[in-house]
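Here is the structure we will look at, set down as C-alpha cells.
The values are calculated or read from the model by the stated rules, or taken from the named source; none is laboratory data. Nothing here was measured: the structure is a model prediction, and the numbers come from that model. Please note: Cβ atoms are built from the backbone with ideal geometry, for glycine as well, and neighbour counts cover all protein chains shown. For the accessible areas, the whole protein counts, side chains as well, though only heavy atoms, and no ligand, DNA or RNA atoms are used. Shrake-Rupley method; radii C 1.70, N 1.55, O 1.52, S 1.80 Å.
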Amino acid sequence: MTTAESTGVFVGRDYGRHDFVITPEMVAEYMDGTGDRNAIYTGSSPLGGPVAPALVRHSEVYAYRDHPKAQPSWYLPNIYGNLHARQEFAFFAPVMVGDAVHTRSFIAERYIKRNRQYVVNEVLYFDSDDRVIMRGRTHQSFLLGQQNEGIVVDKTREKSSARRFDVDTSSAVEAISPVTRQITPEMCFTFSGPARNYHNDKEMALKLGFPDVVVQGMMSICFLSEMMTNRFGAGWLSAGKIDVNLVNIVWGSDALTCRGFISRIEQEGDRHRAHLDVWAEKADGTKVTIGAASALVE
C-alpha cells in the first residue's frame, strides 16, 4: 500500500462543498487581521457598492476539517514542522459584500522535494450561478519521516546565504507603491484564530518545532493583495493572478514591506495585462515571499 493510500490523501480526492455568504462582519475581521482598511470594502467602489477584499477567504483551504479543532482533513498525519511553501490565486470575477459563495476542495498534486513531501490542495470558488469566480492552490510541505522533537527551523536560518533571494529590477517599467505593516499578536489571533495554534501562540509553536509564533503564510500574501488593489483596483479584484513562494518564515514580531514592479504590459484580447515581480521583505531586507503577479490595466 502506498503512502497516499494509507493516509487517504491522494490526488483527486474531493473534500466536498462549503457554502457561506460574504458578510460585513467577515470583511471587518479581514480588515482587523490584515490592517487593510481600503474604503471600497465598506462604502462605494468602482464596482458599485462595497466590494470584498480579493482574499477575504484567504484561508478557505484550511476550513475543510472533520471538526473545528482538528487539523485540516487533507493534511498528512505528521504535522510536526509543516510549512506553507507556495501559494497560487487567480480571480475571475469580483465578489461583492452580501454575495453567496460556495467552494470545493480537492487534492490536485503530490510531490517530494529535498527532505519534504508536498500536498497541493486546490480550492475552486463559485458564485450563486455556479460560475467559477476564483481558484486557489496551496502547496503545504511536510517533513519526511517521523521527527517530532527539536527545532525544525530556527531564526538563524534566514541569515544564511542559501536563504537570500535577490530581485533583478533591470526590467522594471514602473515601481508600484509599497505596503508596510508591523505584525502584532492581535493581528495573528484575528487572522489565524480563534483557536490557539502555532500561528498565534508561542507555546503551540514550540510544540511543532518552531522557536516563536510562525505567522500564517497567507498574511504576507494578503499584504501583497492590498498593494495590488491599491494600484489596479478592479483590474486586480476581477482578473488578478498571483503565484508566490514562501521562502523564509515570518515571525510574530516582524514588520514586512511588500514591493513590486511592472516588468511588461501585454495585449490580452481587447484588454491589457500588467505583469509584475512582487515580494515581501523584513526590515533587514530578508525576502519572505517572492514571485509573480498580474492584473488588468487601463
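Would you confirm, using the coordinates I've provided, whether Ile133 is touching a Phe, Trp or Tyr at 6+ places or on another chain (Cβ under 8 Å) and over 18 Å from Arg86 (Cα atoms)? Answer is yes for this residue. Tallying residues that are assigned to a loop (DSSP other than H, G, I, E, B), over 23 Å from Arg86 (Cβ atoms) and touching a helix residue (DSSP H, G or I) at 6+ places or on another chain (Cβ under 8 Å) within the stretch 18-66 yields 8. With respect to Ala93, determine if the residue is small (Gly, Ala, Ser), surrounded by 15 or more Cβ atoms within 10 Å (Cβ to Cβ), under 20 Å from the mean Cα position of the chain (by Cα) and part of a loop (DSSP other than H, G, I, E, B). Yes. Applying the condition of being in contact (Cβ under 8 Å) with a residue 60 or more places away in the chain and of a type in the set (Asp, Glu) to the stretch 248-298 and asking which residue is least open to solvent (accessible area, probe 1.4 Å) yields Asp254. Do we find a residue being surrounded by fewer than 18 Cβ atoms within 10 Å (Cβ to Cβ) and modelled with pLDDT under 95 anywhere in the stretch 119-137? Looking for residues that are surrounded by fewer than 18 Cβ atoms within 10 Å (Cβ to Cβ) and modelled with pLDDT under 95, one finds none in the stretch 119-137, hence no. When each of Ala100, Ala85 is tested for being among the small types (Gly, Ala, Ser), open to solvent by less than 30 Å² (accessible area, probe 1.4 Å) and in contact (Cβ under 8 Å) with a residue 12 or more places away in the chain, the lone residue that passes is Ala85. Residues that are open to solvent by 50 Å² or more (accessible area, probe 1.4 Å), touching a residue at least 12 places away in the same chain (Cβ under 8 Å) and over 18 Å from the mean Cα position of the chain (by Cα) within the stretch 51-74 comprise Pro68, Lys69, listed in sequence order.
In the stretch 174-220, the residue that is least open to solvent (accessible area, probe 1.4 Å) out of those that are of a type in the set (Phe, Trp, Tyr) and more than 18 Å from Pro53 (Cβ to Cβ) is Phe210. Evaluating Tyr15 against the criteria (1) under 18 Å from Ser128 (Cβ atoms); (2) not in a loop (DSSP other than H, G, I, E, B) leaves one unmet condition, (1). The criterion of at least 1 residues that are touching a His at 6+ places or on another chain (Cβ under 7 Å) and over 21 Å from His18 (Cβ atoms) is met, among strands (runs of 3 or more DSSP E) falling completely within the stretch 113-205, by 116-126. Of everything in the stretch 138-157 that is in contact (Cβ under 8 Å) with a residue 60 or more places away in the chain and in contact with a strand residue (DSSP E or B) (Cβ under 8 Å, 6 or more places away or on another chain), the residue that is most open to solvent (accessible area, probe 1.4 Å) is Lys155.
Tell me, which strands (runs of 3 or more DSSP E) lie completely within the stretch 231-298 with 3 or more residues that are more than 21 Å from the chain's Cα centre (by Cα) and farther than 23 Å from Arg181 by Cβ? So the answer is 255-268, 271-282.
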